[in-house]
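Participant: My questions will all concern the structure given below.
Taken together, the values in this text are just the output of simple stated rules run on the coordinates, not laboratory data. Predicted model only: the values in this text are computed from it and were never measured. Please note: Cβ atoms are built from the backbone with ideal geometry, for glycine as well, and neighbour counts cover all protein chains shown.
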Amino acid sequence: MTVEQQARGAAGGATNAGRRRSRKDEILEIAVGLFAARGYHGVSMDDIGAAAGVTGPALYHHFAGKEAMLVAALVPVSEGLLAGGRERASAHPDDPRGALTSLIEFHVEFALANPAVIALHLHELDRLPEEPRRRIRRLQRLYVEEWVIVLTALHPGMPDGEARVLAHAAFGLMNSTPFLGGEVDRRRRAELLREATQAALLA
């Protein structure tokens with residue numbers, strides 16, 4: 001399998017499977033997969049065009065450059081995590097354990113569907129210009145606070161700072177999907193990640 005084929009497969013989970021993808025979506029998915037596989041500086045616009053089967057002018061019609069692709073890949077992900085986290089937490093206003101279970105299920109599904117995006121975020125976020133980088137950081141902090149609210153409700157007396165430590169530790173566990181092999185099927189990987197995260201946060 002070529003790197004380009006791997007890129008298509010790795011990035012494929014980043015879009016909504018129920019939505020018809022535009023050509024711009026397809027190009028972005030391929031770019032994300034290549035960035036994750038080779039690193040941001042290891043990929044040129046020509047590489048992306050070749051993998052997507054488009055010429056340079058057509059590629060620049062959709063994106064001004066690699067930096068614009070990085071912004072387009074990472075900002076919507078952070079917005080989606082915050083919106084989804086708020087939705088799931090608010091669905092269990094008087095049941096912090098149920099809220100935690102729902103948050104874990106939501107994040108595990110995201111992590112399994114988007115390993116290339118997670119790898120991109122881990123290694124390439126600092127490549128972004130200041131404004132979108134600060135925006136992503138703010139969205140991430142707000143997402144963490146959704147978990148902090150649930151954890152402090154679940155563990156009365158726990159300081160917010162300790163709850164943030166637990167939340168970040170849980171993200172580290174769930175966001176391990178870029179490093180997981182295929183020897184365990186997806187359903188079982190989801191079960192293991194959910195169970196391990198819940199056990200860590202309920203201890």
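Participant: Counting only residues that are surrounded by 14 or more Cβ atoms within 10 Å (Cβ to Cβ), of a type outside the set (Val, Ile, Thr) and farther than 18 Å from residue 22 by Cβ, how many does the stretch 40-63 have? Working first, answer last.
Facilitator: Pass one, the stretch 40-63, residues surrounded by 14 or more Cβ atoms within 10 Å (Cβ to Cβ): 40, 43, 45, 47-52, 54, 59-60, 62-63.
Subsequent filtering for residues that are of a type outside the set (Val, Ile, Thr) retains 40, 45, 47, 49-52, 59-60, 62-63.
Imposing the further condition that a residue be farther than 18 Å from residue 22 by Cβ reduces the set to 40, 45, 47, 50.
Summing the residues that are surrounded by 14 or more Cβ atoms within 10 Å (Cβ to Cβ), of a type outside the set (Val, Ile, Thr) and farther than 18 Å from residue 22 by Cβ in the stretch 40-63 gives 4.
Participant: Here's a check for you: in the stretch 31-65, which residue that is in contact with a Gly (Cβ under 9 Å, 6 or more places away or on another chain), free of Cβ contacts under 8 Å to residues at least 40 places away in the same chain and of a type in the set (A, V, I, L, M, F, W, C) is nearest to residue 119 (Cα to Cα)?
Facilitator: Within the stretch 31-65, the match that is nearest to residue 119 (Cα to Cα) is 34.
Participant: Residues of the stretch 148-203 being of a type in the set (S, T, N, Q) and farther than 14 Å from residue 108 by Cα, which ones? Walk me through how you get there before you give the answer.
Facilitator: We begin by selecting, within the stretch 148-203, every residue of a type in the set (S, T, N, Q); these are 152, 175-177, 197-198.
Across the stretch 148-203, the qualifying residue is only 152.
Participant: Can you find even one residue in the stretch 109-126 that is buried (at least 17 other Cβ atoms within 10 Å of the Cβ), among the charged types (D, E, K, R) and within 28 Å of residue 34 (Cβ to Cβ)?
Facilitator: yes
Participant: Of these, 170, 113, 199, 203, which one is of a type in the set (Gly, Ala, Ser), in contact with a helix residue (DSSP H, G or I) (Cβ under 8 Å, 6 or more places away or on another chain) and over 23 Å from residue 71 (Cβ atoms)? If you could, list the steps in order and put the result at the bottom.
Facilitator: Values: 113 fails: over 23 Å from residue 71 (Cβ atoms); 199 fails: in contact with a helix residue (DSSP H, G or I) (Cβ under 8 Å, 6 or more places away or on another chain); 203 fails: in contact with a helix residue (DSSP H, G or I) (Cβ under 8 Å, 6 or more places away or on another chain).
Within the list 170, 113, 199, 203, the selection yields 170.
Participant: While we're on this one: Any idea how many residues of the stretch 185-203 are within 19 Å of residue 119 (Cβ to Cβ) and aliphatic (A, V, I, L, M)?
Facilitator: Filtering the stretch 185-203 down to residues within 19 Å of residue 119 (Cβ to Cβ) leaves 186, 189-190, 193.
Checking which are aliphatic (A, V, I, L, M) leaves us with 190, 193.
Qualifying residue count for the region: 2.
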